[in-house]
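Every number in this text was worked out from the coordinates using simple rules, so none of it is lab data. These figures come from a predicted structure and were not determined experimentally. Here Cβ is always computed from backbone atoms with ideal geometry, including for glycine, and neighbour counts include all displayed protein chains.
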Ligand SMILES: CC(C)(COP(=O)(O)OP(=O)(O)OC[C@H]1O[C@@H](n2cnc3c(N)ncnc32)[C@H](O)[C@@H]1OP(=O)(O)O)[C@@H](O)C(=O)NCCC(=O)NCCS
């Protein structure tokens, strides 16, 4: 858990709990409905968000909530970038804040915590798949934490009556590609479990 004090505000970053899911569903739902960061078109309900939450945390992927003044203001999690097993040391990050909580440093704090935890767990690359090249908040946040743009997919989404690009931004974690992965780390163990005895 990370506790932090910034002027007139104190917040905590901690693992998200089942009881946070109402707020998480509302935060994400608003972003799906009004924004272009997510390429979903229909707002998922709490049951679906709970299914997604458990699918990740039951495997050991980190899922954090940022709480301030007793209220969850945002969340971030890491999940598999793609399911083909050679990708197992790579994660994709997801981060959403309540619209009123943006631009105050919460995003940077949450994503920093997620990067640290993924590094600790033994993942080697983190990818941001940013819906909409004009998402200055997300591009700015990832750039501020050292991610570099590694690709742009042009005109791949159609939402709110316009074509949207996807920007890929990548951050090496820990030793990145410089050394072989640790045989005992979480992603190595996840794969061994899936393969069976
Ligand atoms: C993207 C998001 C998580 C960023 O969180 P945030 O709390 O608003 O960002 P922060 O205040 O922590 O800012 C972090 C960095 O990004 C930069 N940044 C934030 N918003 C920005 C904007 N609109 N334009 C340019 N840079 C911006 C800041 O300058 C800061 O960099 P610095 O530390 O070098 O000054 C938040 O805006 C959000 O939830 N957006 C909607 C959902 C979304 O796009 N999620 C990402 C999906 S890939």
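So here's what we get for this one:
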| read-out | value |
| --- | --- |
| Most mobile listed residue (68, 22, 58) in the chain, GNM with C-alpha springs under 10 Å | 58 |
| C-alpha center-to-center spacing [the range 142-158, the range 66-93] in angstrom | 17 Å |
| Relative contact order for the chain, counting Cα pairs under 8 Å that sit 6 or more residues apart, in percent | 18 percent |
| Angstrom value of the Kirkwood radius, inverse mean 1/r, which spans all Cα pairs in the chain | 17.5 Å |
| Packing-based exposure ordering (other Cβ within 10 Å, fewest first) of 191, 123 | 191, 123 |
| Residue order, fewest to most beta carbons within 10 Å, for 145, 66 | 145, 66 |
| MRE, 222 nm, helices only [DSSP H, n ≥ 4, -39500 (n - 2.57), over the chain, to nearest 500] | -9500 deg cm²/dmol |
| Residue order, fewest to most surrounding Cβ atoms within 10 angstrom, among 118, 185 | 185, 118 |
